[in-house]
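The values are calculated or read from the model by the stated rules, or taken from the named source; none is laboratory data. Keep in mind that what you see is a predicted model, and the values were worked out from it rather than measured. Methodologically, a virtual Cβ is constructed for each residue, glycine included, from the backbone with ideal geometry; neighbour enumeration extends over all protein chains shown.
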Amino acid sequence: METGTLHPMIEADKEELYALGRKMFAIPELGYKEYRTRDLILAWLQEHGFDRIERYGETGIIVTIGSGRPSIGLIAEMDAIPTPGHPQADPETGAAHSCGHSTQGAIMLESLKVLREEMKQRTGTVKLYFTPAEEFTDIAFRREYIRSGKAKYFSGKINMLMDGIFDDSDVLIHLHAMGRYEGHRFSVGSALAGFVYKEITFHGTASHAAVNPDKGVNALNMFALFQAAVGMLRETFVDEDKNRVHGIIVKGGSTVNSIPDEVVYECYVRSFKPDNLLALSAKIDQAARHCAAALGGTATISELPGDLPFYQNEDLNKVIYRNMLRHTVPAEILTDERSVAAGDIGDVGCFFPAVQFGYTGFEGYCHGRSMCVIDEREVYAVPADIVVGTVTELLDHPEEVETIKANFRPAMTKEEYLRHLEGGE
Ligand SMILES: [Zn+2]
Ligand SMILES: [Zn+2]
């Protein structure tokens, strides 16, 4: 493994940076509940003399340094994901940083600290956005959170996008842990899939499971038939679309001694192409309704729009790639991958030139119970160096930022987007 030298400030700060990373990893909180994480970040900002801090919603934070153009936005996520059995899971909630979002925060805070020094000689603005609630989980809580008026949408970045929070930035730089990843140290330009969230409820009729099962209509059987149908539909999936249908049963009946009257299945339907996503979603709905009908029951389906597919800005990625090459060789950089993961950065990328690069240094896979940091230099220090190098290069070449902006075309209008958001439920 080849690796370049770090910015002298990052080299000097690295023990403090790793300690911050460990602290953030140790307080995993689910989306819209990132209060301790928020307070830790606010305390760090105060301790390090940052004073242009705005709060967004209950847990979001925006920090600004510098002034004028170009204006570069940095994005760090804050939330954890339910990962029962993870050694650092919160004992009460089961949440752990198994998607590595805490590491984004530590990297970006260190980057901001170094950039503040670098920007004493430069013109331009850097804004760091801490965005809550990326993982699409804990849905019942979020429904209530939205009902109480604390947010409008399930995903943190979607609220910020609709409120125009990113509008001050010309380009947006985001990054994400790759988990354990054989053969590569970084990724650049990875496209992400989009998804629709569904809750399918199979309705039957309860009766005594032993005395008169003939009087019942079994909702669990409807689900089993539907699962078989989805399996059969998989032969119609085209490989390059990377379609996925995956879910969990959240209710499998009411009591063992009765024929199951209600079964609730939550799932994601994913695909790379927005039109294909809608067609696949319709196929799944049809299978659910007909499988229920075949056994004498019904299925009702409610949907929420998830994340849109993410296509990264190629011009901006060239700058990231150049900065990665200060630390590695091309063979160690995964380029143009089509990951079936999704993120609400996909929605942001429809309206802004945005990128998300990947970094390694972890044991275990993302969302797995063994996902943890094993190489702190690789996880924290090297990505911070890449962020600092990329941002200073953009600040030194405002014309490059202008070209990136001029070449960028939004994927849709805000009105079309609003229709997509509100079409779900
Ligand atoms: Zn995740
Ligand atoms: Zn993630």
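A few points about this structure:
- Enumerated strands (runs of 3 or more DSSP E) restricted to region 158-246, each holding at least 3 residues that are over 30 Å from Thr392 (Cβ atoms) and at pLDDT 95 or above: 194-203
To keep it simple, each residue is scored yes or no on (1) farther than 30 Å from Gly85 by Cβ; (2) surrounded by 23 or more Cβ atoms within 10 Å (Cβ to Cβ); (3) modelled with pLDDT of 95 or more; (4) not hydrophobic (A, V, I, L, M, F, W, C).
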residue: Leu304; (1), (2), (3), (4): no, no, no, no
residue: Phe310; (1), (2), (3), (4): no, yes, no, no
residue: Leu325; (1), (2), (3), (4): yes, no, yes, no
residue: Glu332; (1), (2), (3), (4): yes, no, yes, yes
residue: Val348; (1), (2), (3), (4): yes, yes, yes, no
residue: Gln356; (1), (2), (3), (4): no, yes, yes, yes
residue: Phe362; (1), (2), (3), (4): no, yes, yes, no
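- Pick from region 338-356, criterion of a type outside the set (A, V, I, L, M) and within 16 Å of ligand 1 (Cβ to nearest atom), ranking: nearest to Ile72 (Cα to Cα): Gln356
- Filter pass, Ala133 being in a loop (DSSP other than H, G, I, E, B) and hydrophobic (A, V, I, L, M, F, W, C): yes
- Within region 234-257, the set of residues being among the β-branched types (Val, Ile, Thr) and surrounded by fewer than 14 Cβ atoms within 10 Å (Cβ to Cβ) comprises Thr236, Val238, Ile248, Val250, Thr255, Val256.
- Which numbered condition Arg369 fails, given (1) modelled with pLDDT under 95; (2) within 16 Å of ligand 1 (Cβ to nearest atom); (3) basic (Lys, Arg): (1)
- Output for region 197-225, where each listed residue is of a type in the set (A, V, I, L, M, F, W, C) and closer than 25 Å to Ala342 by Cα: Ile200
- Annotation note: of Leu220, Leu225, the sole residue that is away from ligand 1 (no atom under 16 Å from the Cβ), free of Cβ contacts under 8 Å to residues at least 60 places away in the same chain and either over 30 Å from the mean Cα position of the chain (by Cα) or crowded, with 24+ Cβ neighbours inside 10 Å (or both) is Leu220.
- Enumeration of residues in region 327-346 that are touching a Pro at 6+ places or on another chain (Cβ under 9 Å) and over 21 Å from Val387 (Cβ atoms): Ala342
- Residue check, Gln88 touching a strand residue (DSSP E or B) at 6+ places or on another chain (Cβ under 8 Å), in a loop (DSSP other than H, G, I, E, B) and of a type in the set (S, T, N, Q): yes
- In region 91-130, the qualifying residues are those that are part of a helix (DSSP H, G or I) and free of Cβ contacts under 8 Å to residues at least 24 places away in the same chain, and the one that is surrounded by the fewest Cβ atoms within 10 Å (Cβ to Cβ) is Lys120.
- Residues of region 387-424 that are small (Gly, Ala, Ser) and more than 22 Å from the chain's Cα centre (by Cα): Gly389, Ala406.
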